[in-house]
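Okay, structure first, notes after.
Every number in this text was worked out from the coordinates using simple rules, so none of it is lab data. Owing to the predicted nature of the structure, the values given are computational and were not obtained by experimental measurement. So basically every Cβ, Gly included, is an ideal-geometry build from the backbone, and we count neighbours across all protein chains shown.
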Amino acid sequence: MIWRKTKNYFFITILTLSGIAVLIPLILIIIYVIKMGFSSLNWQFITHLPRPVGESGGGMAHAIVGTLFLVGLGGIFSIPLGIMLGTYLSEFKKDKMAKFLRHTIDLLFKYAQGNELEEHCKRLSDAIEKVKPLALKDDWMSELRMNAYLDEIKTRKELGA
Amino acid sequence: MLESLPCRRMQNRQDLITLWLMRWLAAMIVLLLILLVILLCKLALPAISKFGLGFILSDTWNPITEEFGAFPFIIGTLITSFMALLMAAPLSVSVALFICEICPKQLGRLLGTFVEMIAAVPSIVFGLWGIFSLAPWVQNVVTPFLKNTLGFLPFFQGPSYGIGVLTASLILSIMITPTICTFCREVFNTIPSQTKEAALALGATRFEMIKIAILKPSYSGMIAGIVLGLGRALGETMAVAMVIGNTSRLSLSIFAPGSTMASVIANEYAEASNAIHLASLGYIALLLLAITLIINSFARFIIWKWTPKI
């Protein structure tokens, strides 16, 4: 019994340590970025273009605007498509094209991580999966009631005949 | 109740239109992938016709004499990915177990969010941190330690420049941890609490309960998560290209600089001077795509086998 208990505590200690260890890189990276970058972060850095080499001052406005443009345009292209395809994947799961699409999205997701489309698809597919029972409950109930009703009619007819 | 039937028929027509619209959109996405592959093939065609399948096993990469072979890069990709898996898989599984079973619910959710935050760090930030912070640490702390303990093996010999296969693997292992961890958590959460309670009621300790009631049934799920992590590691480009050192020489030592398929493409496509160089890079991209496809299908296959048939 003592041996089993020791093993148990040993195991739990290892799990706890790994839970702490996994946070270390994240904390180190955040500290590193703040340490290196915080001193040069000011209003000018966000709003100005870079000055020629040798002059002090200037900023990274072009890069920030570029990133925003990229994300914005990417979102405009991909969000409607992502919503549609996410709905498709979760609602028509058995459809043949859905199976192809799932593979394709998996592959594209690996291959081009900057692409937003696939992520939206996955998230939405998950979200719809969670909402669906609520939304469809009414539908199912009515269908079930309808089936029971039709069954009853059928039985009555058979009995009457 | 029967008078609701016409209404249902109209709903069906709406459903049908939506279904076809969505099918069409889905076909476009599938077509996108097919076009991508075709374009890649077209790009790689000169290299395919010149080097053939020998490209995979040839280890010369010389843009000046126009001789190309992908072997060092394939080996580099496989070694870095598997070393990353070796480090990340046990860690991720135990973190997932810690979150699901040992820590209090609130704290677990918080820790889970932090782990997922690792996935949100841009890979270029990982690369920068890897060069300026991790590489010196590897050179000054990890390398002497490994040399003193395991130095008799050929893998742990030779000088360390900080950047190299080991550093790239470390970075990769940090990057794929959230992928595996999140997947494993989802797998562990599917296990009904009755099973766990039954194990505990029979007198099992926490460790035995986890072994019997959680790890055993979710074995294939864990494997699928690890394979997905592997897929992520194979395609990782920027962070690896920054810390791996980029040489096309093969070396037994894990301290030596190397190269992966993704990193060589990222580094050389801009300065590829002649058509055959570019075509060779295209060929490597095609091989990488094929490897990713195989790994991915393997993960899908495991998940499909593991999903209960309803």
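A few points about this structure:
- Take each residue in A:4-12, count the other chain C-beta atoms within 10 Å of its C-beta, and the mean is 5.
- Around A:F11: net Lys/Arg minus Asp/Glu count, Cβ-Cβ under 13 Å: +3
- What separates the Cα centres of region B:109-136 and region B:177-209 is a distance of 28 Å.
- Per-residue mean of C-beta atoms belonging to partner chains within 10 Å, peptide B:22-34: 6
- For B:Y219, neighbours were defined as the other residues whose beta-carbon sits under 14 Å from its Cβ, and their charges (Lys and Arg +1, Asp and Glu -1) total +3.
- Ranked list, fewest to most other Cβ atoms within 10 Å of each Cβ, for B:C100, B:C181, B:C41: B:C41, B:C100, B:C181
- For chain B, the dipole from Cβ point charges (+1 on Lys and Arg, -1 on Asp and Glu) about the Cα centre works out to 920 debye, to the nearest 20.
- Within region B:135-179, chymotrypsin sites (Phe, Trp or Tyr not before Pro) in DSSP loop having at most 14 other beta-carbon neighbours inside 10 Å: B:F152
- Cα-based convex hull volume of the protein assembly as shown per residue, rounded to whole Å³: 234
- Using C-alpha pairs under 8 Å with a sequence gap of at least 6, the mean separation divided by the residue count of chain B gives a relative contact order of 27 percent.
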